[in-house]
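Please treat every number below as a calculation from the coordinates, not as lab data. Only a predicted model underlies this, so the values are computations on that prediction, with no experimental measurement involved. For neighbour counting, all protein chains shown are included, and Cβ atoms are generated from backbone atoms with ideal geometry for every residue, glycine included.
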């Protein structure tokens, strides 16, 4: 994984957040939060509504003031060297703050201009074609569907050729087909070296794309961990064993292996992974005189883990 | 300074004017023609002015102000307000453009819009009446200063407004009445003494009077006082806009 490779080479973080806090009147949106994200990473920031994700992104990208702490992006302090920091950032906001009467092409041109970059027609065409917006380049934004508007936002963020791309709920309200197209695009961007920070409500999305996840609640990070590590550590596997006969009582040899009865279905036994090899479990069932009719297993998804972690805290 | 960013913002805002060219330029031109028909031709022949200026010419500076001031103010106010309203302000705030570039972009574009429309009114007036400028260079400088001042004030209104009602409140409640009462259609010496004194409290009076001096080399107030007054108003507006942008008033939490 990229993250491991960079960590091994002691690469400096491309985003270095140290002890940042933000309070809106009475509400503490972000509390003493620290986080490092490394070049080329795909990082997912997860949290319920109001957890502080958008505020944190706002502080990094310059649209929200920082009360306390420091943030460096590409080695530049986002307050003292804000322009240098912003030059390497692209932002896809959560809402769709697009001006309805300008055309797609003009929206992208303006965005490149705001970043002080000369217009590049080749990049414009390439971006629009990649996002399947080339045919719509002369259409006014108000004439586009929700999914197209979302792609316009991504195109605008890409016109700056950013080293770090922030996507705040980029696939909210986007249909399944388009969502998968966007995933492919994000993967391609990452392959080209762009660091991607994603916030999403679709935890499947974070599981599919991100190398590391951070879970934020009430403005604090509950954990930051590699996605596969998190799934391995918290993602309990469970077997569902369908028996030929009803099981009214279970011998101690089976309960000791973590096998329980499904109280609603007398033909079903549940076995939560306790580390014992599956062959031992199957032998124990056979020795107890239980005939297995069918067996399947489930693994906790990132969504289950997220719910468990955020509800437990 | 982010020159490309600044130029982009100015062109973007001017494009808004071009996109609604019929509404932005043709409307004030038609309004001016109507004013000339009603006041210049129909009523003007019955009004005699102390300085011997034909009435149709006398109203030209005021009509230009009536075009420039609301357009300069409205352009910057609506420009920044709609960015806030749609949330598109985030694209400026996250770009390497500072408070100076953003404010300058809106103000320059709004002032240009005001001056273009003011120029269109002057052009229309020149077609229907034989008017010339006594101090053309000073007129251009004065109008540029006034357009800039009201573009700055428009930014203040646009930042302050958090709904459409507030956005239109200042132009409707203050601007239009104050411009009318600033002596667009009458000379101050036509008024009773009390109203003459009250008129001298109206900032628009000094602006119209100074422009009238640029046209006819005649004014009621010393043009230096009027120019100083306009200069102070401009500096004050720059200071307020500077503070609002630096503190991120209503755009950056």
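Computed quantities for the displayed model
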read-out	value
Relative contact order (%) - criterion: Cα under 8 Å, at least six apart; region: the range B:34-167	38 percent
Alpha-carbon centroids, the range A:271-296 and the range B:5-41: separation in whole Å	82 Å
Relative contact order (%) - criterion: Cα under 8 Å, at least six apart; region: the range B:3-247	26 percent
Share antiparallel - DSSP beta bridges, the protein assembly as shown, percent rounded to 5	70 percent
Chain B - mean residue ellipticity at 222 nm from DSSP helices (-39,500 (n - 2.57) per run, n ≥ 4, rounded to 500)	-22500 deg cm²/dmol
Efficiency of FRET from Cβ geometry, residue B:18 and residue A:237, R₀ 56 Å, rounded to 0.05	0.30
Cα-based shape type of the range A:20-79, given that a ≥ b ≥ c are square roots of the gyration tensor eigenvalues and the cut on a/c is 1.5	oblate
Label-reachable residues, the range B:36-76, where backbone N falls under 14 Å from a point 7 Å from residue B:127's Cα toward its Cβ	B:36-37
The range A:236-312, relative contact order [Cα under 8 Å, separation at least 6], %	43 percent
Convex hull volume per residue for chain A, taking Cα atoms only, in Å³	177 Å³
For peptides B:152-162, B:78-88, sequence by mean Cβ density within 10 Å, most packed first	B:152-162, B:78-88
Computed label-point distance, nm, for sites residue B:100 and residue A:255 using a 7 Å Cα→Cβ extension	7.8 nm
Cβ-derived FRET efficiency at R0 41 Å, residue A:183 paired with residue A:280, nearest 0.05	0.55
Computed over the range B:43-124, the ratio Rg/Rh where both radii use C-alpha atoms and Rh is Kirkwood	1.24
Inter-part distance where the range B:155-197 and the range A:186-247 are each reduced to a Cα centre, Å	61 Å
Distance between modelled label sites at residue B:11 and residue B:134, nm, 7 Å Cα→Cβ extension	4.2 nm
Centroid-to-centroid separation of the range B:219-241 and the range B:68-134 [C-alpha atoms, Å]	19 Å
Ranked by how many other beta carbons lie within 10 Å on average, peptides B:18-26, B:210-218 from highest	B:210-218, B:18-26
Angle in degrees between helix B:223-247 and the longest Cα principal axis of chain B, rounded to the nearest 10	20 degrees
√(5λ) per eigenvalue of the Cα gyration tensor, chain B, largest first, Å	34, 19, 16
Inter-label distance, nm, simple model (7 Å from Cα along the C-beta direction), residue A:192/residue A:208	2.1 nm
Between 0 and 90°, nearest 10: helix A:121-130 axis offset from chain A longest Cα axis	20 degrees
Full-stretch length increase - residue A:288, residue A:145 - with 0.36 nm per residue and alpha-carbon distance subtracted	45.4 nm
Prolate/oblate/rounded label for the range A:120-181 (Cα gyration tensor, a/c 1.5)	oblate
Chain A: calculated mean residue ellipticity at 222 nm from DSSP helix runs of at least 4, using -39500 (n - 2.57)	-10000 deg cm²/dmol
Within the range A:2-232, percent of DSSP bridges classed antiparallel, to nearest 5	55 percent
Once the Cα gyration tensor of the protein assembly as shown is diagonalised, semi-axes √(5λ) in Å	68, 22, 21
